[in-house]
Every structure is written in structure tokens, then in C-alpha cells.
Amino acid sequence: MERNRYVTLICGAAVAITSSIFADEPSAEGPRQLQSLVESYEREKARVLGPLDRKFDAALLEMQRQFTKAGRLEDALTVNKMIESRGGKSASKPSWRDTRWKWGSGGVLELKRNGDATHTDWSKFGEWEVLDDGTLKLVSQHGESTIAFSDEKSGIVTSARGGQTTLTRIE
């Protein structure tokens with residue numbers, strides 16, 4: 001009910017200002033009035049929608065956590081993209097330097113500070129780099145792979161051939 005009152009108030013103000021802006025005699029008041037209307041609208045929108053946005057963002061983070069915990073990493077990645085698109089805290093890009101990961105199909109991957117990558121099943125060093133979208137490009141003796149993280153503790157490795165395995169961070 002309160003929201004309807006504010007919508008009516010804002011619409012009424014818009015009509016009053018619009019009628020003065022488009023009156024027969026142009027004035028410098030029009031642009032100032034328009035700016036005032038826009039500022040008032042943005043303040044009211046933030047006040048009314050702010051609590052709803054915060055609840056939605058918290059629900060997204062919890063959903064991401066639940067999907068990750070259940071091993072539904074593709075779903076967690078999808079939720080993470082939504083969080084990032086909304087400017088949420090998952091949009092920050094953590095450092096993967098000097099981290100160790102349990103490779104889902106076996107072995108341990110280590111991402112070294114200098115960009116080298118080692119795996120317990122590799123006979124040669126690989127290389128890794130962070131891409132603009134936050135994923136990692138991993139190049140090894142087995143070819144190129146992409147690592148997409150659902151959070152700071154888990155991710156999915158996708159090879160150029162389309163195979164996938166999970167990663168779990170070793171603390």
C-alpha cells in the first residue's frame with residue numbers, strides 16, 4: 001500500500017513537471033526540474049527496492065553454497081554468474097597463487113606463484129593464467145583446459161576435448 005502511495009506521488013510530480021517543461025514558453029527550470037525528478041526517483045527506488053535486493057543477494061549466496069556443498073558445481077557456477085552480474089561479492093577475483101587442489105579424477109594440482117602448474121600424474125610442468133572472465137587457462141602436456149570456480153574452494157576443469165572433472169581446494 002505504501003509503495004502505491006509513492007508511485008502515485010512520483011507519477012503526479014512527473015505530470016506536473018512535464019506540463020511545465022513542455023509549456024509554450026521554454027524555461028531553464030525544465031532541465032533542473034527534470035534532474036530533481038530523476039534524483040527523487042532514484043532515491044525512492046533505492047529505499048523501496050534496497051531491502052528486497054539485499055534479501056535476493058543473500059538468497060543467491062546461500063543457494064550457491066548449498067549447490068557447492070551438494071557437489072552440483074555446474075549449478076553453483078550458474079548462480080555465481082548471476083551474483084557477479086549483480087555486482088555481488090563473488091565478483092571479486094581471488095588469488096589462486098600457491099594453492100593446491102584435489103583433482104576429481106585423481107591426483108593433486110598445484111598452482112604456483114610464478115604461473116607454473118604441477119600435477120602428481122604429469123611428467124612435465126604446465127602453465128596457468130587467469131583470464132578476464134575469472135576462469136583459469138591451464139596448459140599441460142595433455143593440452144589446454146579451462147577451470148571455472150564456483151567459489152574459492154571448488155571448481156570444474158573442462159578439457160579442450162570436452163571432458164570434465166572437479167577440483168577441491170586442499171587447505
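The values are calculated or read from the model by the stated rules, or taken from the named source; none is laboratory data. Just so you know, these numbers come straight off a predicted model, no measurement behind them. When we count neighbours, we look across all protein chains shown, and the Cβ atoms used for this are built from the backbone with ideal geometry, even at glycine.
For segment 123-137, state whether one or more residues are at positive phi, surrounded by 15 or more Cβ atoms within 10 Å (Cβ to Cβ) and not aromatic (Phe, Trp, Tyr). Full working, then the answer.
Pass one, segment 123-137, residues at positive phi: 134.
Filter once more, keeping what is surrounded by 15 or more Cβ atoms within 10 Å (Cβ to Cβ): 134.
Narrowing further to those that are not aromatic (Phe, Trp, Tyr): 134.
The answer is yes, given that some residue of segment 123-137 is at positive phi, surrounded by 15 or more Cβ atoms within 10 Å (Cβ to Cβ) and not aromatic (Phe, Trp, Tyr).
Test Arg86 against the criterion of being farther than 30 Å from Glu110 by Cα, touching a helix residue (DSSP H, G or I) at 6+ places or on another chain (Cβ under 7 Å), at pLDDT below 85 and of a type in the set (Lys, Arg), and give yes or no.
Here the answer is yes, as Arg86 does meet what is asked.
I'd like the residue in segment 111-141 that is at pLDDT below 90 and not charged (D, E, K, R) and, out of all such residues, is nearest to Ser159 (Cα to Cα).
Going through the qualifying residues, I end up with Thr135.
Looking at the structure I just gave you, is Arg65 within 30 Å of Gly155 (Cα to Cα) and modelled with pLDDT of 80 or more?
yes
Please count how many residues of segment 147-157 are in a strand (DSSP E or B) and surrounded by fewer than 17 Cβ atoms within 10 Å (Cβ to Cβ).
Going through segment 147-157 one residue at a time, the tally reaches 0.
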